[in-house]
Structure formats: structure tokens, C-alpha cells
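The values are calculated or read from the model by the stated rules, or taken from the named source; none is laboratory data. Keep in mind that this is a model prediction, so the values were computed, not measured. Because the Cβ atoms are built from the backbone with ideal geometry, glycine has one as well, and the counts that use them run over all protein chains shown.
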Amino acid sequence: MSTIARQLFQLQELELALEANEQSQIKIGAQLGESQEVVKARGKLSSAQKHIEELAKQQKSTEWEIEDLTVKIKAIEKKLYDGKIFNPKELGSLQTEAEDFKKRRSGLEDRALELMEQADAAHKSVSTLTEELARQEAQWQNEQKQFNRDLEQLKTNHVDLDARKQTLLAQIDATAIGTYRDLRKRKGGIAVARIEQGTCQGCRITLPNSELQQSKGNGLVRCGSCGRILYLP
């Protein structure tokens, strides 16, 4: 078994683990911060609350108009029935005006009832949206706590992996490291391939006996097919 091939294989495993660790940190980092789902839920709740405020304004305005018409109707009816007006034309005009005000008031009363029903539905919607927002915020907070715990663990693992890598690098010949680095760049990150059942796991090609025998020695042996360093466990 080649000691240097074993060391390079271990180095590769550590570097692959470090790369995976860094990618995991990036992925978790992207999930930290405000949740889009929570932002959307807050937006929906805010819109629903503004709708309630607008309905309340419309209700108040409608109530004022009803009160104003009621006052006007009472004033006209007082004139009609206090016996001070005898002119039929004037009486007819007042009656017409009173009927017109009553029709307008009736329409406003229907509108007021409609607004009350809308307000009731809007309050129920706000209640539902408030509960949904609370649920999503609680879930988001729990996820953020877990993400932070996972991130801290990844950072701790990264320090450990890097320390092991530096220790191993100090034990390997610089020329061999140069060859390994060059192969990692050219071979998709895999410079050292295990031999399993006489096959190079880098290219899945069965190795000739000469290469299998050489891989048992202490030097660096390259796969004749893919060019990767062979490692026989």
C-alpha cells in the first residue's frame, strides 16, 4: 500500500468535506433573516386592517348622512302637521321633498347594513390572518434558532477539518501535492481514485494487473485510463 497515495486520498476526503461544509454554511446563511412567508402574512394582515378602517369611515359617513336626513324629515313633517301652512302647492312640495329624503335615507340604511356585514366579515378575516401570522412567526423563529445552531456546528466542524488538513499537508511531499492539486482542477475535484475489486472508481475501468501490482508499492501510480492517482486501501 502506498503511504503517499493514502495521505493524498485522506487529504482529498478532508478537502471535499470542507467544500461541502462551506456550501452548507452558504445555504443556511441564505435562510437566515426575514421569511418571505412571514412578510406576505404581515402584508395581508395590514391590508385587512386598513380595509376595516376604511369600512369604519364609510359607516360613520353613512350614519351622519342618515342623521342629517332624519333631522330634515322631522323638520318638514313638523311644518306639514303643525297646521300653519294652508297652501296646497306648498304642502305638496313639502310632501314630495319629505318622500325624496325618506327614499334617500332608506337607501343609506341599506348601505349601512351592507357595510356592517362587510365589517363583520373583515373582522373575522383579520382574526384568521392574525392567528396565521402568529403561527408563521413562531415557526420562523424556531427555524431561525435551528439554523443558527446548525451554522455554529458547521463552523466548529470546519475548524476541526481545516486543522486536520493542515496537519496532513505538513506530512506530504510538496511535489506530490502539486500533482494532486493539478489533477483536482482537471478532474472535477477528484484527483485520487480508490481501487475496488480491481476497478478504478474514478473512471470505472478495470485496471491491468501491472497497475494493480504497482499500486501496492509506495510510489504514486496513475490510472492508465483517466490519469487519476490510484489508491488501494
Among the candidates Glu15, Glu77, residue that is touching a helix residue (DSSP H, G or I) at 6+ places or on another chain (Cβ under 7 Å), of a type in the set (Asp, Glu), within 30 Å of Arg181 (Cα to Cα) and in a helix (DSSP H, G or I): Glu15
Condition check for Glu143: in a helix (DSSP H, G or I), more than 30 Å from Glu34 (Cβ to Cβ) and either out of contact with any Pro (no Cβ under 6 Å at 6 or more places or on another chain) or modelled with pLDDT of 95 or more (or both): no
Unmet requirement for Glu54, which otherwise passes all of (1) surrounded by fewer than 15 Cβ atoms within 10 Å (Cβ to Cβ); (2) modelled with pLDDT under 95: (2)
The listed residue being small (Gly, Ala, Ser) and touching a strand residue (DSSP E or B) at 6+ places or on another chain (Cβ under 9 Å), out of Ala30, Ala5: Ala5
Filter result for Leu11 (closer than 20 Å to Val159 by Cα, crowded, with 17+ Cβ neighbours inside 10 Å and modelled with pLDDT of 95 or more): yes
Residues located in the stretch 197-233, provided they are free of Cβ contacts under 8 Å to residues at least 12 places away in the same chain, assigned to a loop (DSSP other than H, G, I, E, B) and surrounded by fewer than 16 Cβ atoms within 10 Å (Cβ to Cβ): Gln197, Arg204
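Do you know which residues across the stretch 122-147 are of a type in the set (A, V, I, L, M, F, W, C) and without any contact (Cβ under 8 Å) to a residue 24 or more places away in the chain?
Within the stretch 122-147, Ala134, Ala138 meet the criteria.
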Close pairs from the stretch 44-69: first under 10 Å from Leu108 (Cα atoms), partner acidic (Asp, Glu) and surrounded by 12 or more Cβ atoms within 10 Å (Cβ to Cβ), Cβ under 7 Å, at least 6 apart: Ile66/Glu109
Single residue of Lys89, Lys57, Lys50, Lys40 found to be under 24 Å from the mean Cα position of the chain (by Cα), charged (D, E, K, R), part of a helix (DSSP H, G or I) and assigned by TED's automatic domain parsing to the domain that holds Asp110: Lys40
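Results for (1) β-branched (Val, Ile, Thr); (2) touching a residue at least 40 places away in the same chain (Cβ under 8 Å); (3) surrounded by 14 or more Cβ atoms within 10 Å (Cβ to Cβ), shown as yes or no for each residue.
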{"residue": "Ala98", "(1), (2), (3)": "no, no, yes"}
{"residue": "Leu108", "(1), (2), (3)": "no, yes, yes"}
{"residue": "Leu113", "(1), (2), (3)": "no, no, no"}
{"residue": "Asp120", "(1), (2), (3)": "no, no, no"}
Test result for Lys40, without any contact (Cβ under 8 Å) to a residue 12 or more places away in the chain and surrounded by 12 or more Cβ atoms within 10 Å (Cβ to Cβ): yes
Ala138 at pLDDT 95 or above, closer than 18 Å to Leu32 by Cα, small (Gly, Ala, Ser) and exposed (fewer than 12 other Cβ atoms within 10 Å of the Cβ): yes
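Quick grid of which residues meet (1) in a helix (DSSP H, G or I); (2) more than 18 Å from the chain's Cα centre (by Cα); (3) at pLDDT 95 or above; (4) surrounded by 11 or more Cβ atoms within 10 Å (Cβ to Cβ):
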position	(1), (2), (3), (4)
Leu154	yes, yes, yes, yes
Gln166	yes, yes, yes, no
Arg184	yes, yes, yes, yes
Ile190	no, yes, yes, yes
Ala193	no, yes, yes, yes
Selection count where residues are among the basic types (Lys, Arg) and in contact (Cβ under 8 Å) with a residue 40 or more places away in the chain, scope the stretch 148-185: 4
